[in-house]
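The values are calculated or read from the model by the stated rules, or taken from the named source; none is laboratory data. All values reported here derive from a predicted model rather than from experimental measurement. Cβ placement follows ideal geometry from the backbone for every residue including glycine, while neighbour counts extend to all protein chains displayed. When the accessible area is computed, the model is the full protein with side chains, heavy atoms only, and any ligands, DNA or RNA have been set aside. Shrake-Rupley method; radii C 1.70, N 1.55, O 1.52, S 1.80 Å.
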Amino acid sequence: MGLALKELLYSKGRFIMIGLIIVLISWLVFILSGLGTGLSTLSTGVLSEAEYSGIVLEEGSEFSLSKSSVNRSLTEKVSEQEGVTDTTPMSIFRNSVRKEGAEDAEDKITDIVLIGLEPDSFMEPNIIKGEAWSNSDENQVIADESLENDGYKIGDTVVLDNTDKELTIVGFTENKTLYHQSALYLPMENFQNLRPSSPDDADVEETVSGIVVQGTDVNLETFLEDEENVEYGTKEETIEGIPGYVAENATIMLMLWFLMIISAFILGVFFYVLTNQKTNQFGVLKAIGGSNGFIIRSVISQVFILSLVSILVGIGLTYLTVLALPESMPFYLESNMVIIYSLVLLAISVLSSLFSVAKITKIDPLTALGRAE
Amino acid sequence: MSGIELKNVTKRYKENKFEITALENVSVQVKAGEFVAIVGPSGSGKSTFLSIAGALLKPTEGSIMINNQNITDFDEKQLSSVRLNQIGFILQTANLIPYLTVLDQLLIVKKMQGTVTKEDKAFALELLKDLGLENKEKKYPNECSGGERQRVAIARSFMNDPDIILADEPTSSLDTDRGHEVVQQMAEQVKTRNKAAIMVTHDERMLSYCDRVYRIVDGKLSEEVRTQEV
Ligand SMILES: Nc1ncnc2c1ncn2[C@@H]1O[C@H](COP(=O)(O)OP(=O)(O)OP(=O)(O)O)[C@@H](O)[C@H]1O
Ligand SMILES: [Mg+2]
């Protein structure tokens, strides 16, 4: 709308100040949300970055893979259930690794999560560097890129703590972390050999952590009735089952929403003061026949334009900041989150300007005759 | 008949327990092409009169006819539309919008009515030219002199091609020469464009441009005999 824009351009100084506040708020919101998602990806990445419907787990495992073990022979039965399109067994095992030849404990030890998967299954991670497993006798692993930041390279051989078994990094993937530790993926067959096992445990070859299920409208009711000692957790439940995730996430969300609510008040007050200063002007517009609707539309479109531009600047600043952040700092901002938070911020500033709308309708056009004040 | 007519208008302000009668049984009729002045001492009810005539204030008693239409019982929305389409207000100084150029001051009226056409723009430029404001259309109010601002306000009041022009002390912030210039131009516009105009003033020297003069004292209106021969 012309009137709104003309005023924005004419009173640049005043609007740049309010715009700056919106820029700072949106910048803070985006950075906070990026760091928050980064943190939660650290604790959930292996699961949250994969596409699946749910996991069949051991009963009583509280939907946590690390507490669960089930027999892999169940896989076949699960695939026959309603809505299931694909299944794959998955095993996880937490351990630590160090570089080959550094046994003197001088070199540092890195905590990792070993993940065993069937080759070519849908849970196999995407490769961003190097290549996937090839058939070979050595224990080839795909590692999360966070290990690369720790100084590991493609071709490096790492030694599993306690077992002294050796693994060779052949490729790197991204955002695949679990329990704040980097993931190392290897074929299920090799995984089973690495796991420390007691000889009397005959079943060990057949035991996996869970069976991951892909499909739409998956219905495992009859299966769960038949089988004892298993339960089914949806993707959401298995992510929430990750120790510490729910509390971490709630903290960050609380911070974000508090920030948004407080900014709504700050902006509301700013717009209100601005409207107050323009009482006389609005009185003139009313006296020469401007309707409430005309003035309100003009005020709201002004807030809209100002907020939109400021939020775009905020987004730009955020991406500049990301360039400056150290690699080791987890930052993960998805474009759909940027869009959602931008819309929320836009809605907040427009809504907060509604305080002023009530004020505008009450302005008496008589002010224009210079008597009401 | 186009023009404005106030019939037996009374306005009382209630203040605590007191009642102030600002206007008492006032009747006036101003036809198209007439330029009428209202004079009177401070507090006599001039502004009250103008506000009622300009659909800004409702009378306690009596009725107002604008172009033969009784607007006495209109609601706020209808009154706003009357102001937009049938009345041109010339407000006191400093009542221009600070962030609009001289040309935009006029075009905003059209914008409030809907859209701005090429003809509107041509009409605005013509009005500015008539009032000696050519080459000033890109200036902002703070770059204009007081007299220029007042002339912009006059041009703006003609912009919606209203039948009625109301002016509240248009010369109060001008020196004598500028004041004469402005009122003279207003009178010219009223004659050439055939408007009904009412001007409130306490500057007696401006009365020679007017067809009739009313004096208001303590809310009572009476016509001055002196200018009867016009
Ligand atoms: N909103 C109001 N509430 C109460 N009394 C009012 C109000 N407006 C005006 N009055 C009173 O009505 C009377 C007429 O006021 P009005 O403003 O019409 O005078 P005026 O002729 O315009 O005076 P001036 O030349 O000083 O502007 C005054 O006694 C004034 O005190
Ligand atoms: Mg007055």
Chain lengthening between A:Ser96 and A:Leu32 when straightened (0.36 nm per residue, less Cα-Cα): 20.0 nm
Projected onto the charge dipole of region A:60-228 (unit charges on the beta-carbon of Lys, Arg, Asp and Glu, signs +1, +1, -1, -1), the Cα from A:Ser91, A:Tyr179, A:Gln214 with the largest positive-side position is that of A:Tyr179
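Using R₀ = 45 Å, calculate the FRET efficiency as 1/(1 + (r/R₀)^6) where r is the Cβ-Cβ separation of B:Lys118 and B:Asn142; round to 0.05.
About 0.95, to the nearest 0.05.
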List the residues of region A:268-303 for which accessible area in the full set of protein chains is at least 50 Å² lower than for the chain on its own; 1.4 Å probe, protein heavy atoms only. A:Gln281, A:Val284, A:Ala287, A:Ile288, A:Gly289, A:Phe294
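Quick one: dipole size for the protein assembly as shown, taken about the Cα centre, charges +1 on Lys/Arg Cβ and -1 on Asp/Glu Cβ, in debye to the nearest 20. List each step's numbers first, then the result.
Working: 52 positive and 85 negative charges, 1495 e Å.
Using only the charged Cβ atoms, the result is roughly 7180 debye.
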Using a 1.4 angstrom probe on protein heavy atoms only, which residues from region A:334-370 are buried by at least 50 Å² of accessible area when all chains are present rather than their own chain alone? A:Leu366, A:Leu369
In whole percent, how big is the carbon plus sulfur part of the accessible area of the protein assembly as shown, probe 1.4 Å, protein atoms only? 52
Post the alpha-carbon centroid distance, region A:279-314 to region A:141-183, in whole angstrom. 57
Residues with amide H under 5 Å from that of A:Asn139, placed H, sequence gap 5 or more: A:Thr168
Could you derive backbone 3J(HN,Hα) for region B:66-72 from the dihedral phi with the Karplus parameters 6.51, -1.76 and 1.60 (θ = phi - 60°), listing whole Hz in sequence and x where the residue is Gly or Pro? 10, 6, 6, 10, 7, 9, 4
What nm distance separates the two modelled labels at B:Thr21 and A:Glu228, each placed 7 Å from Cα along Cα→Cβ? 10.4
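Accessible area per residue, 1.4 Å probe, Å², for chain A: what's the number?
Details: 17630 Å² over 373 residues.
Heavy-atom SASA per residue in chain A reads 47 Å².
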For region A:120-134, in order, what is each residue's ³J(HN,Hα) by Karplus, 6.51 cos²θ - 1.76 cosθ + 1.60 with θ = phi - 60°, in whole Hz (x at glycine and Pro)? 6, 7, 5, 8, 5, x, 6, 9, 9, 7, x, 9, 7, 5, 10
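Could you tell me the relative contact order of region B:71-157? Use alpha-carbon pairs under 8 Å, at least six residues apart, and round to a whole percent. Walk me through the numbers on the way to the answer.
Values: 77 pairs, mean separation 36.7, N = 87.
Relative CO of region B:71-157 lands at 42 percent.
Roll a 1.4 Å probe over the protein chains and send me the accessible area per residue for chain B in Å².
Numbers: 10170 Å² over 230 residues.
On a per-residue basis, 44 Å².
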Interchain or long-range residues, amide H under 5 Å from A:Gly210's placed H: A:Val70, A:Met90
Qualifying lysines (Cα of each under 30 Å from Cα of A:Lys108; at least 8 residues distant if same chain): A:Lys67, A:Lys99, A:Lys129, A:Lys153, A:Lys165, A:Lys176
Give me the angle, in degrees from 0 to 90, between the Cα long axis of helix A:292-324 and the longest principal axis of the Cα atoms of chain A, rounded to the nearest 10. 40
Between region A:211-262 and region B:141-206, how many Å separate their Cα centres? 74
Can you compute the FRET efficiency between B:Leu125 and A:Thr251 using 1/(1 + (r/R0)^6), with r the Cβ-Cβ distance and R0 = 60 Å? Round to the nearest 0.05. 0.40
For region A:208-225, 3J(HN,Hα) per residue [Karplus equation, 6.51 cos²θ - 1.76 cosθ + 1.60, θ = phi - 60°, Hz, x = Gly/Pro]: 10, 6, x, 10, 7, 10, 10, x, 10, 6, 4, 10, 9, 4, 5, 4, 5, 5
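Of A:Lys286/B:Lys121; A:Lys359/B:Lys129; A:Lys278/B:Lys136, which sit over 28 Å apart, Cα to Cα? The partial results should precede the final answer.
Numbers: A:Lys286/B:Lys121 22 Å; A:Lys359/B:Lys129 38 Å; A:Lys278/B:Lys136 25 Å.
The pairs that break the limit, which is 28 Å between Cα atoms, are A:Lys359/B:Lys129.
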Angle in degrees between helix A:12-48 and the longest Cα principal axis of chain A, rounded to the nearest 10: 20
Measure nothing but the geometry: give the 0 to 90° angle between the long axis through the Cα atoms of A:335-352 and the longest principal axis through the Cα atoms of chain A, rounded to 10°. 30
If you take the accessible area of A alone plus B alone and subtract the pair, what total do you get in square angstrom, rounded to 100, with a 1.4 Å probe? 2400
Taking GluC sites (Glu not before Pro) as exposed when DSSP calls them loop (any state but H, G, I, E, B) and at most 13 other Cβ atoms lie within 10 Å, what is the longest stretch of chain B free of them, the sites themselves excluded? B:1-133
